[in-house]
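Structure first, then comments.
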Amino acid sequence: MILELLMWTVFVASSVILVLWILTSPPADRKTRTAPENEDRYAKNRFIPNKVPKDADVIVIGSGMGGMGCASILSKYGKKVIVLEHHDKLGGCTHTFSWSRANMSEEGHTTCEFDTGCHYTAVDMSMPTMRSGAVMKYLTEGQAKWHDLGDPYDCVVFPHDSKVDPGCPNNDAYNFLCRKDRLINEITQKINPNEPLVPQRLNAFLQFCRHARGTIVKMFFVRMLPRWVEKLLDFLTIPYYTYGKLTTQYVLSAMLEHGFTEEEVLAQKELPKEPKIDLPNTWNRMKGVMVHPLGDYACQPSDSTVVAHALTACYYMNGAAYTSGQTQSISNSCAKVVYEHGGECFVNAHVEEIILKEGKAVGVRVCKATSMEGLKSADERPEMTELYAPIIINATGMHTLYNKLLSPELPLVKEYKTTNKCIPSFGHNYLFVAIKGDADEVGIPVTNTWYFNGYDTDNCFDKYFENPTEHRPPTVYLGFPCTKDPTWKKRFPGISNCILISDAKYEWFEKWQDMRTHKRGDEYDQYKQKFADKLLEVLYEKVPQVKGKVLWYECGTPVSDSNFLQSFRGGSYGTRCNLEFANKDNSRWVMRADTEIPNLFMAGQDAWTPAVAGAMYGGMLGAIKVLGFFKGVGLLITIMRQQANDIRKETGWSSASSFAKAVQLFFSDTPMNR
């Protein structure tokens, strides 16, 4: 009897394992053709209707990190994918462009290259033994190469302020170093090395961030599930929404200024009602420094959900990385995968509308983007081509989907506009600067620099938004791709570059939206020059060695993003990371890759979280929702197997030990060698 029961148990267990193995095993990776080596074949493959394959399985709208990542995965799973990109270059915010402009200080023209939105990522992206690096390697088949930026990876700088607590150093620059213990020591020494509460409170705050970040990781696996299963496991999302209802400002004040515990913060203990201290004392300085990651999600502390802040802070805790060569290599590498599996990626392809039939998504109406430039009125429409596929994936954002790509008469769109409380992220102003001389000769800093216009970040935001041309931006990113890309000096000898990025509102430039690029008139040029002047002020103040060496500069605004990248109202990060972003009432719309329209899915930032890594995981989640839960689990296992193989090569461990380590690292954020 016992033997028979044991045999039946073994049989049932074996059957379950066999079924799960069959359900989760990826199909054989069958490439149907060899990809050409010419990079422009992918980056600049212009849309021509008769070049589009007629038997596509999937149409992806948008070629950013999310769209291309999703397309790569589905191609590997045997889908013939068509990617449609409005811009004349593939890649969305990962694309690279070059401009040639007349020099200001000498005769002739200079050509200089710039990245668009992938200015740096966490060091994990350069490490195939870590989750982000393993996913990136899988998507690009290891063709996108990365370079560790070393230590420090960021430097946060402030205007010089002579007011400081007695006996404390008066610094206006703070380095962000790899590893929590080293970062805590650096900030403590720079702010107040004599106060033992400083490292204690910093440690408690960073530990809080790590716990908050962990809730987002759990959310990913919940979102992989079918919606009906999600509802059964709803209790798993409670921690995320508990942290998500807290603002970054409240947590910074509670933990760094008043020493609240994590339990007191989660209980939303009321802050002491005391007069606000304007002097940048130890605690004010500490709050001002630790607000540093907000530039990567663009929402001021009093509005932002702390889960966005925590996710970003933890993401960079181990350092940062940048591509070796153009950031364009990311989308080009994914496009090769799509091509090898029978698909195509097209630029200059403007998607006007998603076609629905009997309530299901069945295709898109698309035209050549350049055909829209000659239109004489808003009522005039270019010639449209209808493309059909069983699956449609929108990788252009939630707000674009429900405000532009779907009919406003659709009941779901009407529900979205009445029930959704999420709003688009802010946009940015950009200053692209060409500099004479090699970076080492000029003395350009290797480290990314973040300028904050004061330690009271919210006050700086409020003043700037009230009168943007009279105040410096609250935050300015100063990046020098020429120092981060090891191939730069060989490709652009004697030339350096800089990108400055500051917060901006679409409304400031909205009246010029319908005018063509470089044809918006003197008023627009004079207005954006005021922003350019403020950015140049910051550049010359914090990097004075470049003064007199600037060959030319060009300023971009949120309407530039709206025009070139088709971002809704020029928003850089999809949905703004305010409290509504992490409000359960909006979970029907945000952080979700499936929609309520059959056969229509999401990929990119709004399918998950902001920035390049968030968009990458959003693309991955979109692919999982198309493939189904079990194949999604199989995808994760496939990536972990690849990860384990890299661990085995690095350590010499056995296959079993390497896979066990891969599983551990896939669910953690601590690199093996840090």
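For (1) touching a residue at least 40 places away in the same chain (Cβ under 8 Å); (2) part of a helix (DSSP H, G or I); (3) surrounded by fewer than 17 Cβ atoms within 10 Å (Cβ to Cβ), each residue gets a yes or a no:
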| site | (1), (2), (3) |
| --- | --- |
| Arg182 | no, yes, yes |
| Thr188 | no, yes, no |
| Pro193 | no, no, yes |
| Arg213 | yes, yes, no |
| Phe235 | no, yes, yes |
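For segment 446-456, taking the residues that are more than 12 Å from Val476 (Cα to Cα) and either under 22 Å from the mean Cα position of the chain (by Cα) or surrounded by fewer than 17 Cβ atoms within 10 Å (Cβ to Cβ) (or both), the one that is modelled with the highest pLDDT is identified as Thr447.
Asn175: more than 21 Å from the chain's Cα centre (by Cα), of a type outside the set (Lys, Arg) and not assigned by the TED database to the domain that holds Pro293, yes or no? Here the answer is yes, as Asn175 does meet what is asked.
Of the numbered criteria (1) modelled with pLDDT of 95 or more; (2) touching a helix residue (DSSP H, G or I) at 6+ places or on another chain (Cβ under 9 Å), the one Glu383 fails is (1). Being touching a residue at least 60 places away in the same chain (Cβ under 8 Å) and surrounded by fewer than 19 Cβ atoms within 10 Å (Cβ to Cβ) is a property that holds for Asn281. When segment 123-156 is filtered for residues that are more than 24 Å from Leu74 (Cα to Cα) and among the hydroxyl-bearing types (Ser, Thr, Tyr), only Tyr153 remains. Would you call Val164 surrounded by 14 or more Cβ atoms within 10 Å (Cβ to Cβ), of a type in the set (Val, Ile, Thr) and not in a loop (DSSP other than H, G, I, E, B)? Criteria not met by Val164. Which of the residues that make up segment 384-420 are in a loop (DSSP other than H, G, I, E, B), under 15 Å from Met602 (Cα atoms) and touching a Leu at 6+ places or on another chain (Cβ under 9 Å)? Of everything in segment 384-420, those that are in a loop (DSSP other than H, G, I, E, B), under 15 Å from Met602 (Cα atoms) and touching a Leu at 6+ places or on another chain (Cβ under 9 Å) turn out to be Thr396, Leu406.
Restricting attention to segment 523-572 and to residues that are assigned to a helix (DSSP H, G or I) and among the aromatic types (Phe, Trp, Tyr), the residue that is surrounded by the fewest Cβ atoms within 10 Å (Cβ to Cβ) turns out to be Tyr540. When Glu596 is tested against the conditions (1) part of a loop (DSSP other than H, G, I, E, B); (2) closer than 17 Å to Met68 by Cβ; (3) of a type in the set (Asp, Glu), the lone failure is (2). Of everything in segment 97-122 that's free of Cβ contacts under 8 Å to residues at least 60 places away in the same chain and closer than 19 Å to Leu478 by Cα, which residue is surrounded by the most Cβ atoms within 10 Å (Cβ to Cβ)? So, considering only residues that are free of Cβ contacts under 8 Å to residues at least 60 places away in the same chain and closer than 19 Å to Leu478 by Cα, the one surrounded by the most Cβ atoms within 10 Å (Cβ to Cβ) is Phe97. Tell me which residues, restricted to segment 37-47, are loosely packed, with under 15 Cβ neighbours inside 10 Å and in contact (Cβ under 8 Å) with a residue 24 or more places away in the chain. Matches in segment 37-47: Lys44, Arg46.
Run down Pro152, Pro169, Pro226, Pro199 and say which single residue is more than 24 Å from Met125 (Cα to Cα) and surrounded by 15 or more Cβ atoms within 10 Å (Cβ to Cβ). Quick ask: steps written out before the conclusion?
Values: Pro152 fails: more than 24 Å from Met125 (Cα to Cα); Pro169 fails: surrounded by 15 or more Cβ atoms within 10 Å (Cβ to Cβ); Pro226 fails: surrounded by 15 or more Cβ atoms within 10 Å (Cβ to Cβ).
One residue alone meets the criteria, Pro199.
Summed over segment 79-116, residues that are touching an Asp or Glu at 6+ places or on another chain (Cβ under 6 Å) and in a loop (DSSP other than H, G, I, E, B) total 2. Checked against (1) over 30 Å from Leu236 (Cβ atoms); (2) surrounded by fewer than 20 Cβ atoms within 10 Å (Cβ to Cβ); (3) basic (Lys, Arg); (4) modelled with pLDDT of 95 or more, Lys584 passes all but a single condition, namely (1). Scanning segment 243-267 for residues that are surrounded by fewer than 16 Cβ atoms within 10 Å (Cβ to Cβ) and of a type in the set (Val, Ile, Thr) yields a single hit, Thr261.
In this entry, Lys631 passes the filter for residues that are among the basic types (Lys, Arg), under 24 Å from Lys76 (Cα atoms) and either assigned by the TED database to the domain that holds His399 or assigned to a helix (DSSP H, G or I) (or both). Taking first residues from segment 520-536 that are within 15 Å of Phe432 (Cβ to Cβ) and partners that are among the polar types (S, T, N, Q) and crowded, with 19+ Cβ neighbours inside 10 Å, the Cβ contacts under 6 Å between residues at least 6 apart in sequence or on separate chains come to Lys528/Thr557; Phe531/Asn429. Screening Met286 with (1) closer than 20 Å to Lys180 by Cα; (2) in contact with a strand residue (DSSP E or B) (Cβ under 9 Å, 6 or more places away or on another chain) gives one miss only, at (2). As for segment 486-500, it holds no residue that is in contact with a Pro (Cβ under 7 Å, 6 or more places away or on another chain) and under 17 Å from Ala173 (Cα atoms). Each residue in segment 195-210 was checked for being free of Cβ contacts under 8 Å to residues at least 60 places away in the same chain and part of a helix (DSSP H, G or I), and 5 of them qualify.
The values are calculated or read from the model by the stated rules, or taken from the named source; none is laboratory data. Keep in mind the model is a prediction, meaning the values are calculated, not measured. Cβ: placed from backbone, ideal geometry, glycine included. Neighbour counts: every protein chain shown.
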